[in-house]
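> One structure, pasted below without further comment.
The values are calculated or read from the model by the stated rules, or taken from the named source; none is laboratory data. A quick note: this is a predicted structure, and the numbers were derived from the prediction, not measured. Cβ coordinates were reconstructed from backbone atoms using ideal geometry, including for glycine residues, and neighbour counts include every protein chain displayed.
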């Protein structure tokens, strides 16, 4: 009896926390079925600065799909910004793998002069917020003529140091015996990396991919700083201006925007957990 009581007491806070976390998502989903008049009435105190308190019913009083129709059939701009997000984020993730994995393998398995200094520099750059490097990045990109192009977002993102840090921790776990066996078989350093490093370090690579996707899919600062042409803006900037008139469309756009990172997270959750544990517990 006491054991059941302890489990109940431990489980109750978790249930309350889950409800608190899922409540905004439920509000988002229920809001997509509200009509414009109902949303305006509920959100007017917040969005229009009127007196009073905003209210949010558990369910829409008069459910409608009008906002879905407006977004998916009458708002071609949404598909443009969705495509902008895809063509910016996926090349960045590809860059994380093509640039980050070899660099991480070198830090984990090779010994060369200045290795510790260079790796420390990587860590320092990883810890720097975007605001610190924004001006210097802008000056370099402007000199290269890349401002107001998708490459202004892709190139700095692809060269991020965080994936290198995560993958390095995983590559360090690969036993030295594997390297020695590969050398005995006559494999070159590059062949060892391809045949053994990539398969054995796959959890770290996938962990970096998941984290990178979650970060850059929701990125705001870099696109806003480097892209003046709104036709190049990604989804994260499309929903920056929410008013009572477009609240329904914005809620649906938010829900659709949530789907790709949610699917990526669910499919790579195991590897993401391994990456967090690995980067936090190893020396």
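> Which one of these does residue 58 not meet: (1) modelled with pLDDT under 85; (2) in a helix (DSSP H, G or I)?
It fails just one condition, (2).
> Quick check on this structure: which one of 34, 27 is outside any helix (DSSP H, G or I), over 22 Å from residue 213 (Cα atoms), modelled with pLDDT of 75 or more and not assigned by TED's automatic domain parsing to the domain that holds residue 196? Lay out the reasoning, then the answer.
Numbers: 27 fails: outside any helix (DSSP H, G or I).
The unique qualifying residue is 34.
> State whether the residues of segment 37-53 include one that is more than 29 Å from the chain's Cα centre (by Cα), part of a loop (DSSP other than H, G, I, E, B) and at pLDDT 70 or above.
Narrowing segment 37-53 to residues more than 29 Å from the chain's Cα centre (by Cα): 37-42, 44-45, 48-53.
Filter once more, so that each one left must be part of a loop (DSSP other than H, G, I, E, B): 48-53.
Narrowing further to those that are at pLDDT 70 or above: 53.
Yes, some residue in segment 37-53 is more than 29 Å from the chain's Cα centre (by Cα), part of a loop (DSSP other than H, G, I, E, B) and at pLDDT 70 or above.
> Related question: Evaluate segment 78-97: report whether one residue or more is at pLDDT below 90 and closer than 26 Å to residue 192 by Cβ.
Checked against the condition, which is being at pLDDT below 90 and closer than 26 Å to residue 192 by Cβ, segment 78-97 yields no hits at all.
> Pick out the one residue from 140, 153 that is out of contact with any strand residue (DSSP E or B) (no Cβ under 6 Å at 6 or more places or on another chain), in the same structural domain as residue 231 (by TED's automatic domain parsing), in contact (Cβ under 8 Å) with a residue 12 or more places away in the chain and surrounded by 12 or more Cβ atoms within 10 Å (Cβ to Cβ). Talk me through it step by step, then tell me what you get.
Numbers: 140 fails: in contact (Cβ under 8 Å) with a residue 12 or more places away in the chain.
Just one listed residue meets the conditions, 153.
> Still on this structure: Starting from residues that are over 14 Å from the mean Cα position of the chain (by Cα) and surrounded by fewer than 18 Cβ atoms within 10 Å (Cβ to Cβ), keep the ones in segment 77-93 and report whichever is nearest to residue 236 (Cα to Cα).
Here is the first cut: in segment 77-93, the residues over 14 Å from the mean Cα position of the chain (by Cα) are 77-84, 87.
Okay, now just the ones that are also surrounded by fewer than 18 Cβ atoms within 10 Å (Cβ to Cβ), so 77, 79-80, 82-83, 87.
Details: 77: 13, 79: 13, 80: 13, 82: 9, 83: 12, 87: 14 Å.
Residue satisfying both the conditions and the ranking: 82.
> Also: Which ones in segment 124-136 are in contact (Cβ under 8 Å) with a residue 40 or more places away in the chain and surrounded by 14 or more Cβ atoms within 10 Å (Cβ to Cβ)? Even if it seems obvious, please write down each step before you answer.
Within segment 124-136, the subset in contact (Cβ under 8 Å) with a residue 40 or more places away in the chain is 130-131, 134.
Within segment 124-136, just 134 meets the criteria.
> Considering segment 225-238 alone, what residues qualify as being modelled with pLDDT of 90 or more and part of a helix (DSSP H, G or I)?
Those that are modelled with pLDDT of 90 or more and part of a helix (DSSP H, G or I): 225, 226, 232.
> OK, next. If you scan segment 223-236, which residues turn out to be crowded, with 21+ Cβ neighbours inside 10 Å and either farther than 21 Å from residue 250 by Cα or touching a strand residue (DSSP E or B) at 6+ places or on another chain (Cβ under 6 Å) (or both)?
Correct list: 226, 227.
> Condition first: part of a helix (DSSP H, G or I) and crowded, with 16+ Cβ neighbours inside 10 Å. Now tell me which residues in segment 164-193 satisfy that. Write out each step before concluding.
As a first pass, look at segment 164-193 and keep what is part of a helix (DSSP H, G or I): 164-171, 176-184, 189-193.
Correct list: 164, 165, 166, 167, 168, 169, 170, 171, 179, 182, 192, 193.
> List pairs: first in segment 217-237 and more than 16 Å from residue 154 (Cβ to Cβ), second part of a loop (DSSP other than H, G, I, E, B), Cβ under 6 Å, 6+ apart or cross-chain?
Partner pairs satisfying both residue conditions: 228/148.
> Within segment 194-214, how many residues are closer than 14 Å to residue 103 by Cβ and either part of a helix (DSSP H, G or I) or free of Cβ contacts under 8 Å to residues at least 40 places away in the same chain (or both)? So that I can check it myself, show each step before the final result.
Pass one, segment 194-214, residues closer than 14 Å to residue 103 by Cβ: 197-198, 201, 204-205, 208.
Checking which are either part of a helix (DSSP H, G or I) or free of Cβ contacts under 8 Å to residues at least 40 places away in the same chain (or both) leaves us with 197-198, 204-205, 208.
Residues flagged as closer than 14 Å to residue 103 by Cβ and either part of a helix (DSSP H, G or I) or free of Cβ contacts under 8 Å to residues at least 40 places away in the same chain (or both) within segment 194-214 amount to 5.
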